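Remarks on the structure that follows.
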Amino acid sequence: MKRLLVLVLAAAVWAQEDVLPRAEPCGRQACQLPSCRCSGTDIPGGLNVRDTPQFVLLTFDDGVNVGNMVTYRNLLFNRRNSNGCPVGTTYYINHEYTDYTLVNELYNQGLEIALHSISHQTPDTYWKEATYDDLKLEFGDQRRQMSHFANIPIDAIKGVRIPFLQISGNSSFQVMADSGLEYDCTMPTINQINPGLWPYTLDYASTQDCVIPQCPTASIPGVWVLPMVSWVDLSGFTCSMVDSCFSVPPLTDEEAWFQFIITNFERHYKGNRSPFGFYVHEWYVSSYPAIYRALERFLDMVNNLQDAFVVNSAEVIEWVKNPVPVPEYRSRPCRSWVPTACPRQSCGPLTSDHNVWGAYWMQICNTCPSTYPWLGNPLGQ
Ligand SMILES: *[C@@H]1O[C@H](CO)[C@@H](O)[C@H](O)[C@H]1NC(C)=O
Ligand SMILES: [Zn+2]
């Protein structure tokens, strides 16, 4: 009995330390699509620039609520690309104060639901030091939580963006591999923006610059990195989220903002067509009507281009796995999804140990939890 215990303990210690294989330099012979891609600025499939679709990734971070939903409905619902397919957007959603009935509505529009953690807690050193176990609770559990309360298929949830863009080495990518998550969109690049870095896998060592350390150095097959290719602001400084750009046009100058967006877009469109990100928080575009209108004009312009497409981030990963030239891409059927119902419930007041000051009300598509869902108890059972 005692011996068994020792064995069990030894196994537990071993599992904890669980040293990952170090990523070796990437060789194009060994690493091939669809399951492996070396990091680089080369166009997937060796396509020519003019045969390559220019993907535009519009993403929004943080909670979904009745306020920001107005922007999403007005800006995106009923908007189509030039191939007749509805546009895509990706929402990196954190749990607290999210209205899950609205998440269900976004999903039913064919937009992409992705993860941004359960707690989104401060300070950012929490994320920097987060262990595998911490991140399993934040993202592995959030995948189940999102699927449960918004009543959407778990397989539809593929992407992750870590709060404050603060990764902690290998651990989040390990969690992703173990939780069935497919891609991460957290890591900015400022060195590979012209030409821009295309998405790649972590089977082999990455050549991406590590803007916010620690970056992954282990071999973690099956996980994709969708690099956040930075913008360049008016003073020549880089920024990975549009609302973090420092030197920007006057916030009331629509025309100057339109030009600012176009200048950054053209670095991709006239370069190697690496996916162009418009990564932002909704408050930024709703607070400044001139920026909203500039974004709307930009989307109108892209929707009139024959070789540019506003899509969900997961669709870019799909395309990179199986790259096809523009004419073939255009002739494909639009993405499909199975709409799901939302048996609407308003639940509360619910209490939580992490916040002793107040009670929560949750809007969900399921039966009410008995306590406020949080780390370690994602379904609030
Ligand atoms: C990631 O894994 C590699 C390979 O095991 C290791 O050398 C490196 O120190 C790890 N990084 C961190 C931040 O733990
Ligand atoms: Zn956030």
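The values are calculated or read from the model by the stated rules, or taken from the named source; none is laboratory data. Everything numeric here is computed off the predicted structure, so don't read it as measured data. Quick reminder, even Gly has a Cβ in these numbers, built from the backbone with ideal geometry, and neighbours come from all protein chains shown. Heads up: the accessible areas ignore ligands, DNA and RNA and are worked out on the full protein's heavy atoms, side chains in. Shrake-Rupley method; radii C 1.70, N 1.55, O 1.52, S 1.80 Å.
Yes or no, residue by residue, for (1) in a strand (DSSP E or B); (2) of a type in the set (A, V, I, L, M, F, W, C); (3) within 16 Å of ligand 1 (Cβ to nearest atom); (4) within 26 Å of Asn94 (Cβ to Cβ):
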{"site": "Gln208", "(1), (2), (3), (4)": "no, no, yes, yes"}
{"site": "Val211", "(1), (2), (3), (4)": "no, yes, yes, yes"}
{"site": "Val223", "(1), (2), (3), (4)": "yes, yes, yes, yes"}
{"site": "Glu255", "(1), (2), (3), (4)": "no, no, no, no"}
{"site": "Phe258", "(1), (2), (3), (4)": "no, yes, no, no"}
{"site": "Ser274", "(1), (2), (3), (4)": "no, no, no, no"}
- Item | Considering residues of the stretch 105-122 that are open to solvent by 10 Å² or more (accessible area, probe 1.4 Å) and assigned to a helix (DSSP H, G or I) only, the residue nearest to Leu57 (Cα to Cα) | Tyr107
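Of the residues Ile152, Ile190, Ile162, Ile220, which is within 16 Å of ligand 2 (Cβ to nearest atom) and modelled with pLDDT of 95 or more? Outline the logic, then answer.
On the way: Ile152 fails: within 16 Å of ligand 2 (Cβ to nearest atom); Ile190 fails: within 16 Å of ligand 2 (Cβ to nearest atom); Ile220 fails: within 16 Å of ligand 2 (Cβ to nearest atom).
One residue alone meets the criteria, Ile162.
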- Among residues belonging to the stretch 13-33 that are farther than 27 Å from Asn194 by Cβ and either modelled with pLDDT of 95 or more or away from ligand 1 (no atom under 16 Å from the Cβ) (or both), point out the one that is farthest from the chain's Cα centre (by Cα). Val13
- Item | Verdict on Thr90 being within 24 Å of Phe173 (Cβ to Cβ), touching an Asp or Glu at 6+ places or on another chain (Cβ under 6 Å), modelled with pLDDT of 95 or more and within 16 Å of ligand 2 (Cβ to nearest atom) | yes
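Can you find a residue in the stretch 235-253 that is modelled with pLDDT under 95, assigned to a strand (DSSP E or B) and within 24 Å of Gly159 (Cβ to Cβ)?
Filtering the stretch 235-253 for residues modelled with pLDDT under 95 gives none.
Checked the stretch 235-253: no residue is modelled with pLDDT under 95, assigned to a strand (DSSP E or B) and within 24 Å of Gly159 (Cβ to Cβ).
Condition check ((1) in contact with a strand residue (DSSP E or B) (Cβ under 9 Å, 6 or more places away or on another chain); (2) within 16 Å of ligand 1 (Cβ to nearest atom)) across all residues:
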| residue | (1), (2) |
| --- | --- |
| Ser171 | no, yes |
| Gln174 | yes, yes |
| Pro199 | yes, no |
| Ser219 | yes, yes |
- Note on the structure: Per the list (1) under 24 Å from the mean Cα position of the chain (by Cα); (2) open to solvent by 90 Å² or more (accessible area, probe 1.4 Å), residue check on Val356 breaks on (1)
- Task: Output yes when any residue across the stretch 146-162 is within 14 Å of Trp127 (Cα to Cα), touching a helix residue (DSSP H, G or I) at 6+ places or on another chain (Cβ under 8 Å), open to solvent by less than 10 Å² (accessible area, probe 1.4 Å) and not aromatic (Phe, Trp, Tyr), and no when none is.
- Result: yes
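Do you know which residues across the stretch 296-318 are touching a strand residue (DSSP E or B) at 6+ places or on another chain (Cβ under 7 Å) and part of a helix (DSSP H, G or I)? Reasoning before the result, please.
Keep residues of the stretch 296-318 that are touching a strand residue (DSSP E or B) at 6+ places or on another chain (Cβ under 7 Å), which gives 299, 302-303, 307-314, 316-317.
Listed by number, the residues that qualify are Leu299, Val302, Asn303, Ser313, Ala314, Val316, Ile317.
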- Pick from Gln174, Gln142, Gln208, Gln192: which is surrounded by 19 or more Cβ atoms within 10 Å (Cβ to Cβ) and within 26 Å of Gly380 (Cβ to Cβ)? Gln142
- Residue match in the stretch 117-133 (condition: among the polar types (S, T, N, Q), within 16 Å of ligand 1 (Cβ to nearest atom) and under 16 Å from the mean Cα position of the chain (by Cα)): no
